[in-house]
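The values are calculated or read from the model by the stated rules, or taken from the named source; none is laboratory data. In this text, all values refer to a predicted model and were calculated from it rather than measured experimentally. All Cβ positions, even for glycine, are placed from backbone atoms using ideal geometry, and neighbour counts span all protein chains on display.
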Amino acid sequence: MGIQLNQVSKTYKSGEVEVKALKDATLHVPDATITTILGPSGSGKSTLLNVIGGIDRHDSGSISFNDKKLESLKEKQLTEYRRESVGFIFQQYNLIPTLTVKENIEVGKELSKQPLDMEDILEKVGMVDKQDKFPSQLSGGEQQRVAIARALIKNPQVLLCDEPTGALDEETGKRILSLLKFVNETYQTTVLIITHNHGIGEMAHHVIKMKSGEIVENYQNDTPIDPKKVSWA
Ligand code: ADP
Ligand code: MG
């Protein structure tokens, strides 16, 4: 069970130019674990998350999500999978500026057939007092908390976080990572995080490093990874 990638490749073509964004990526992500994805810009990190989350399709190889094979899903089934089973968090919080905190989270709730409880989620992300504020009235860290709540209320099996700390200072970034760890422990959500924030070393069970579309390093552990074992460069 969990997520299993076997020899997954993805090439982007724009005109004459072809970019091999993923090359034969093979990876197992056990349920309820935290995986960190490291690697330089352009190494295929976002592509990896996007094909796992059904935002994009791979060209070859296989991605299994529990008993589903993503390559065999039709468009409609892939959309349903993306809406129901996957939560996305991005560097830009992508909140709707004309909706309050609570109304933004409601957007996620409406996507799910079995959403979690709004009051409970507001409390878990620490936004009870600010539920009627608008995004422009919040700090970056608070806006990311709302984005996490919007993804979380769907009760997804996996949270895919593409540089969730990228727009935040080191300390605020660490607090966001701690919240993701708390979510993982509280809901047994599988969490994949692309981040440059070193705070992740203390909490990830699994660290992979990408280079030119390939997974070039892979550290696995039942307990959180010793950050000293990871080469951050
Ligand atoms: P990372 O997230 O590690 O920075 P990406 O997965 O975004 O890397 O990109 C990997 C490679 O694929 C890069 O060379 C990038 O320019 C290319 N790429 C990504 N998305 C697209 C796209 N939609 N169209 C064309 N090329 C793309
Ligand atoms: Mg990226």
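Restricting segment 15-42 to residues that are within 15 Å of ligand 2 (Cβ to nearest atom) and β-branched (Val, Ile, Thr) leaves a set whose member that is farthest from residue 184 (Cα to Cα) is 19.
Scanning segment 148-191 for residues that are more than 16 Å from ligand 1 (Cβ to nearest atom) and part of a strand (DSSP E or B) gives 158, 159, 190, 191.
Could you give me the residue pairs with C-beta distances under 7 Å whose first residue belongs to segment 2-14 and is within 21 Å of residue 190 (Cα to Cα), whose second residue is within 16 Å of ligand 2 (Cβ to nearest atom) and of a type in the set (Gly, Ala, Ser) wherever it lies, and which are 6+ apart or on separate chains? Taking only residues 6 or more apart or on different chains, the pairs are 5/25; 8/25. Of everything in segment 76-96 that is of a type in the set (Val, Ile, Thr) and more than 21 Å from residue 31 (Cα to Cα), the residue that is modelled with the highest pLDDT is 96.
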